[in-house]
Structures are given as structure tokens and as C-alpha cells.
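Data block below; observations after.
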């Protein structure tokens, strides 16, 4: 599990209420009551993904420790994933991850506020960001010289 994959959303959501993708999409994460989210809320929002990644990592470590396959450094990332998947004893992980992903999407599409399961876990909502008035200063109308 890549520490950055876990830390990135938690840090950005805690600090700016947005990840880079959310900034581009002009959305941000808030608490349901309209207050900014706290680091705890950001952790809760990412908790299931973090937990699934931790389970996968826990299963991968013993596989890598007993590695007898091709030289790891000679494999590209796709071959590494394939080799690891063949040897990983937790085959249900993929099914659980897919079930989580699809349940997130179904719940998001079936409620009025478009909240996903992780929003229900953390008590958050995603809202649109209005552009700041100073972000796009109006173009001043040129004055005509007096003749």
C-alpha cells in the first residue's frame, strides 16, 4: 500500500477541503452541517479504502517474502501485479473491492444529495464551489478621450 495513496486525500481534504481533482471540478467536501471537515472526518471518509488496501498489503507481504518467481526488478508494473495476483491467497479481496466500488456508485445515484457511502460514514457532503469574485476581474470599459 502506498502511503501517499492514503495520505494524499486525507491531507488535502483536511487542509483545503479539496483534492486537486476536486479543485479542477470546482467541488469541495464539507460536514453535513456546513462546517469544514476536520482531519478525523477525512480519515473516516477514506477508512474503507485504507482498510481494503491494508488487507491486500498484509496478504502481499508474505508472498513477497517467499518470492520464487521471476526477478522482481525485471518485471514491469503490470507483470508485477499479475504475478502477485496469482500468488496472493486473498482472492476475495478483488470481489470485496469491486462490491465496495459498485455499492458506492449505486448509493450515490440513489439519494437526492448524491452522497456516497464514504460520505455517510464521515458525515460529509460534496458541494459546488463558487468562483471567487476576484478570480475573474471584470474587464474595464475603455473610456473615450474627450475631443
On the formula 1/(1 + (r/R0)^6), with r taken between the Cβ atoms of residue 90 and residue 120 and R0 of 22 Å, the FRET efficiency rounded to 0.05 is 0.25
Set the Förster distance to 35 Å, then compute FRET efficiency between residue 72 and residue 15 from the Cβ-Cβ distance, nearest 0.05.
0.50
Peptides 41-49, 110-118 ordered by average Cβ neighbours within 10 Å, highest first
41-49, 110-118
If you fit an axis through the alpha-carbon atoms of helix 77-87 and take the longest principal axis of the Cα set of the chain, what angle between them do you get, 0 to 90°, nearest 10?
40
For the range 8-72, diffusion coefficient by Stokes-Einstein and Kirkwood Rh (Cα), 10 °C, 1.306 mPa s, µm²/s
113
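Provide the gained length on full extension for the span residue 107 to residue 8, in nm with one decimal, where the gain is 0.36 nm per separating residue minus the Cα-Cα distance.
Values: separation 99, 0.36 × 99 = 35.64 nm, distance 2.43 nm.
Once the chain is fully extended between residue 107 and residue 8, it gains 33.2 nm.
Give the shape of the range 78-131 as rounded, prolate or oblate, defined through the alpha-carbon gyration tensor: a ≥ b ≥ c are the square roots of its eigenvalues, a/c under 1.5 means rounded, and otherwise the shape is prolate if a/b is larger than b/c and oblate if not. Walk me through the intermediate numbers first.
Numbers: a/c = 3.58, a/b = 2.35, b/c = 1.53.
Here the range 78-131 falls in the prolate category.
Calculated from DSSP H runs of 4 or more alone, at -39500 (n - 2.57) each and per residue, what is the 222 nm mean residue ellipticity of the chain, nearest 500?
-18000 deg cm²/dmol
Want the number for residue 129 to residue 27: 0.36 nm per residue separation, take away the alpha-carbon distance, what's left? Please report the intermediate quantities before stating the final value.
Values: separation 102, 0.36 × 102 = 36.72 nm, distance 0.52 nm.
Value of the extension gain: 36.2 nm.
Taking the convex hull of the alpha carbon atoms in the chain, what volume per residue do you get, in Å³? Write out the running numbers ahead of the final one.
Values: hull volume 28.3 nm³, N = 147.
Dividing the Cα hull volume of the chain by its residue count gives 192 Å³.
Bear in mind that the values in this text are calculations on the coordinates, not laboratory data. Treat the numbers as computed from the prediction; the structure is a model and nothing was measured. Quick reminder, even Gly has a Cβ in these numbers, built from the backbone with ideal geometry, and neighbours come from all protein chains shown.
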